[in-house]
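See below for the structure under consideration.
Nothing in this text is a laboratory measurement; each read-out follows from the coordinates by a stated rule. A quick note: this is a predicted structure, and the numbers were derived from the prediction, not measured. Every residue, glycine among them, receives a Cβ derived from its backbone with ideal geometry; neighbour counts consider all protein chains shown.
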Amino acid sequence: MPGRKRVRPSTLGVDVGGVIVALAEEGAEDTSFFGSRPLETPAITGVMEALAALTEQPFAGRVHLVSKAGPKVAGNTRAWLAHHRFFERTGIAESHVHFVRERRDKAPVCERLGITHFVDDRLDVLAHLESVEHRYLFGRHPTPALPEWATPVATWAQFRTLLRV
């Protein structure tokens with residue numbers, strides 16, 4: 001029908017460094033989140049349980065990881081995901097992992113995948129994601145005034161509460 005807006009199914013996009021995998025050092029760049037012992041880097045508290053629940057409802061299998069990474073970090077990320085049995089524990093499909101070379105390159109990936117919700121620990125990344133209706137700034141940030149399009153979320157438990165899951 002003319003004039004009707006097409007409703008996209010809810011689809012979640014999630015960054016990796018600082019959102020799924022803890023940063024090696026406080027304030028470190030996300031590309032250094034693995035430190036010198038990549039497989040031993042811990043997961044963010046509650047991430048596995050939250051993503052397992054979110055993959056069921058409300059996203060019904062439509063959960064994607066979208067991460068900025070060169071070949072080395074992408075390899076470390078895949079190894080970390082396998083080592084921690086991420087796909088088994090969360091129900092997210094292995095084919096739902098996407099790497100980009102620049103942070104701004106997350107925007108066309110999100111648009112192509114129909115991402116409606118995105119969780120990232122960097123406000124500059126979220127600023128690029130204009131096609132994403134719900135953008136969440138993850139972690140504890142000393143940002144007093146966020147843009148109206150960004151919703152702060154400190155923990156995965158808080159994110160689940162926000163989405164009522």
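Each of LEU113, PHE87, GLY70 was scored by the projection of its Cα onto the charge dipole of the stretch 34-165, and the greatest displacement toward the positive side belongs to GLY70; charges sit on the C-beta of Lys, Arg, Asp and Glu. Coordinate range of the alpha-carbon atoms in the chain per principal axis, descending: 56, 37, 31 Å.
The simple Förster model, with R0 at 35 Å and r as the Cβ-Cβ distance, assigns LEU113 and ARG37 a FRET efficiency of 0.65.
Antiparallel beta bridges, as assigned by DSSP with both residues in the stretch 12-162, represent about 5 percent of the total such bridges.
For the stretch 12-162, the Cβ-based charge dipole about the Cα centre amounts to some 280 debye (Lys, Arg positive; Asp, Glu negative; other atoms uncharged).
Normalising the average separation of contacting C-alpha pairs (under 8 angstrom, six or more residues apart) by the number of residues puts the relative contact order of the chain at 25 percent. ALA82 sits among other residues whose Cβ lies under 12 Å from its own Cβ, and their net charge, with Lys and Arg +1 and Asp and Glu -1, is +1. Taking each DSSP H run with n ≥ 4 as -39500 (n - 2.57) and averaging over every residue of the chain yields -8000 deg cm²/dmol at 222 nm. For the chain, the residue among GLY13, PRO42, PRO152 whose Cα projects farthest onto the positive side of the dipole built from Cβ charges is GLY13.
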